[in-house]
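> Mind having a look at this structure? Questions to follow.
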Amino acid sequence: MEVGWVIHPAFGGKGYATQAASAILGTAFGSLGAHRVFARVDTQNHASVRLCAQLGMRREAYLVENDRNGNRWGSEYIYAILQQE
């Protein structure tokens, strides 16, 4: 399963994303029966990189210039966590 989040900048840094993503992981691994959950994170999104680490996710991939965002190519990290972790 893939997980993602979008937080309005006015509400960033208050722990809302951490609480929400933790609850989503609990549901994914609990009632939804997921074996693995992953997130795709823009390498420039430092808050999401920190969030993935806080959630116990590991960086599994670095995809260089794989995503077009307007007039620029962006790079992504893939983070993941297994149910038993």
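> Just how large is the dipole of the chain about the Cα centre, in debye to the nearest 20, putting +1 at every Lys and Arg Cβ and -1 at every Asp and Glu Cβ?
Working: 8 positive and 7 negative charges, 32 e Å.
The calculated dipole for the chain is roughly 160 debye.
> Let me ask something else about it. At a Förster distance of 41 Å, what's the computed FRET efficiency of Leu32 paired with Asn71, Cβ-Cβ distance as r, to 0.05? Could you put the intermediate results ahead of the total?
Details: r = 38 Å, r/R0 = 0.92.
Plugging the Cβ-Cβ distance into 1/(1 + (r/R0)^6) gives 0.60.
> Take every Cα pair under 8 Å in the chain that's 6+ residues apart, average their separations, divide by the length, and report that relative contact order as a whole percent. Each step should come with its number before you reach the end.
Values: 112 pairs, mean separation 25.7, N = 85.
30 percent.
> Taking 7 Å along the Cα-to-C-beta vector as the label spot, tell me the Gln84-Tyr16 distance in nanometres, rounded to one decimal.
If labels sit at Gln84 and Tyr16, their model points lie 3.7 nm apart.
> Moving on to the next point. D for segment 9-82, whole µm²/s, Stokes-Einstein with Kirkwood Rh over alpha-carbon pairs at 4 °C and 1.567 mPa s: what number? Walk me through the intermediate numbers first.
On the way: Rh = 13.3 Å.
After rounding, the answer is 97 µm²/s.
FYI, it's all coordinate maths here, none of it is from the lab. These numbers were taken from a predicted model, which means no experiment stands behind them. Reconstructed Cβ throughout: ideal geometry from the backbone, glycine too, with neighbour counts over all protein chains shown.
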